Amino acid sequence: MDAQEESGMSAQMLLDPDPHGPAAAPPVSFDRDSAWVYFQGEMRRYRDCHLGPMTHALHYGTGCFEGIRAYWNDSQQQLYLFRVQEHYERLRQSTRILKIALPLGTDELTAVTTDLLGRNQFRSDVYIRPLAYKSTEDIGVRLHNLEDAFLIYAQPFGNYIEAAHGTRCMVSSWRRVDDNTAPARAKITGTYVNSALAKTEAYENGFDEAIVLGQDGHVCEGSAENLFMVRKGTLITPPVYDNILEGITRATVMQMWAEDLGLPVLERSIDRTELYVADEVLLCGTGAQLSPVVEIDHRPVGDGEIGPYSRQLQRLYSQLVRGQVEKYREWCLPVY
Ligand code: PMP
């Protein structure tokens, strides 16, 4: 994934607002050391959370995480958690695969998250990172006979992909992890080495993002985003059995496309060169939000500008996540 902290931000940070958002707050400073974190069953200051050097997850990637956003609505002076229950249900699925016991049910996790955001008094867009992990300090790669632990961290957060004029992508030379190797369906910390290899290869080659193919050569997704292409008014996306994360933004976009635009959606495998001839290509995720792709492998997508469907989806998405679309209000949980 997907976190700005991985790009080396310091404890005292100045964070940019999200330029896509109609009601984003001005840049906010964030004192990470003093921030509240849900850690080992209680609220603690970040500076008081400690992990031992031999923590299992640190060595073997035996953790599951989520990336959740909360959006600040300035006119309502309200912070909305977006589809938080779906994120915690996916975390539960990931932990089933990795044999990690979650200490709380989905409603309790939601309540703890709301409490955490309130305590931190966030008044800007926020990124929330729950992490369930094997915490035993021991040598030996395995999933059994290990203690489990859980934490939730949150911080103000702007754009994950900074590309106001559209995203430039390359098809990665790295292939996506396979379900029978390390399941892409689960958000497993260790599996994100696959994403990191692809992302950095793209970055070092001068692109914004990577598009990753599976072992069979079909398109899977971005390094931390699901992928859509538009051909003749149909929205097409790889199916869940093509080694993708079953994205929550993906589900949101599919519903908006079918119900609000009234157009057909197709889940089917996508060939690499279909991307070169698509009318529009779009990456989406909690971090990336909706990122239109304007170039792939030095070929313009469509006419090389952000397409009309992508603009329409971006506009609708930025309104609905801030609780401004009545029909989708149930996806937005008020914190205050
Ligand atoms: N694919 C991968 C590999 C991701 O890491 C993410 C980000 N969680 C996504 C897709 C998008 O998923 P979501 O919309 O649920 O954030």
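Summary of values
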| quantity | calculated |
| --- | --- |
| Strands (runs of 3 or more DSSP E) completely within region 204-254 that count 3 or more residues being within 21 Å of Val193 (Cβ to Cβ) and in contact with a Ser or Thr (Cβ under 8 Å, 6 or more places away or on another chain) | 209-213 |
| Residues that are within 16 Å of the ligand (Cβ to nearest atom) and under 16 Å from Gln155 (Cα atoms), drawn from region 48-72 | Phe65, Glu66, Gly67, Ile68, Arg69, Ala70, Tyr71 |
| Tabulated pairs, region 279-296, first without any contact (Cβ under 8 Å) to a residue 60 or more places away in the chain and at positive phi, second more than 10 Å from the ligand (Cβ to nearest atom) and basic (Lys, Arg), C-beta under 6 angstrom, 6+ apart or interchain | none |
| Residues of region 287-336 satisfying the condition of being out of contact with any Lys or Arg (no Cβ under 6 Å at 6 or more places or on another chain), within 16 Å of Phe82 (Cα to Cα) and of a type in the set (Phe, Trp, Tyr) | Tyr317, Tyr328, Tyr336 |
| Residue selected from region 285-297 under the condition of a type in the set (Val, Ile, Thr) and over 11 Å from the mean Cα position of the chain (by Cα), by the criterion farthest from the ligand (Cβ to nearest atom) | Val294 |
| Residues that are more than 7 Å from the ligand (Cβ to nearest atom) and not basic (Lys, Arg), drawn from region 232-249 | Gly233, Thr234, Leu235, Ile236, Thr237, Pro238, Pro239, Val240, Tyr241, Asp242, Asn243, Glu246 |
| Yes/no for Phe150 being assigned to a loop (DSSP other than H, G, I, E, B) and under 18 Å from Val37 (Cβ atoms) | no |
| Unique residue being touching a strand residue (DSSP E or B) at 6+ places or on another chain (Cβ under 7 Å), modelled with pLDDT of 95 or more, more than 16 Å from the ligand (Cβ to nearest atom) and of a type outside the set (A, V, I, L, M, F, W, C) when the list is Ser34, Ser75, Ser94 | Ser34 |
| Tally of residues being within 16 Å of the ligand (Cβ to nearest atom) and touching a helix residue (DSSP H, G or I) at 6+ places or on another chain (Cβ under 8 Å) across region 250-264 | 5 |
| Single unsatisfied condition, Met229 versus (1) within 15 Å of the ligand (Cβ to nearest atom); (2) within 30 Å of Gly262 (Cα to Cα); (3) crowded, with 21+ Cβ neighbours inside 10 Å | (1) |
| Members of region 110-122 that are outside any helix (DSSP H, G or I) and crowded, with 18+ Cβ neighbours inside 10 Å | Asn120, Phe122 |
| Single match in Asp216, Asp208 (criterion: more than 12 Å from the ligand (Cβ to nearest atom), under 18 Å from the mean Cα position of the chain (by Cα) and not assigned by TED's automatic domain parsing to the domain that holds Ser94) | Asp208 |
| Selection within region 84-111 - of a type in the set (Gly, Ala, Ser) and more than 12 Å from Ala132 (Cα to Cα) | Gly105, Ala111 |
| Test result for Asp125, surrounded by fewer than 18 Cβ atoms within 10 Å (Cβ to Cβ), within 22 Å of Val321 (Cβ to Cβ) and either within 19 Å of the chain's Cα centre (by Cα) or not β-branched (Val, Ile, Thr) (or both) | no |
| Whichever residue in region 168-197 is more than 10 Å from the ligand (Cβ to nearest atom), part of a helix (DSSP H, G or I) and of a type in the set (Val, Ile, Thr) and, among such residues, is surrounded by the fewest Cβ atoms within 10 Å (Cβ to Cβ) | Val193 |
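Residue by residue, here is whether (1) more than 22 Å from the chain's Cα centre (by Cα); (2) modelled with pLDDT under 95; (3) of a type in the set (S, T, N, Q); (4) outside the structural domain of Gly247 (by TED's automatic domain parsing) holds:
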site: Leu283; (1), (2), (3), (4): no, no, no, no
site: Arg299; (1), (2), (3), (4): yes, no, no, no
site: Gly307; (1), (2), (3), (4): yes, no, no, no
site: Gln312; (1), (2), (3), (4): no, no, yes, no
site: Cys332; (1), (2), (3), (4): no, no, no, yes
site: Tyr336; (1), (2), (3), (4): yes, no, no, yes
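The values are calculated or read from the model by the stated rules, or taken from the named source; none is laboratory data. The structure presented is a predicted model; accordingly, all values stated were derived computationally and were not measured. Here Cβ is always computed from backbone atoms with ideal geometry, including for glycine, and neighbour counts include all displayed protein chains.
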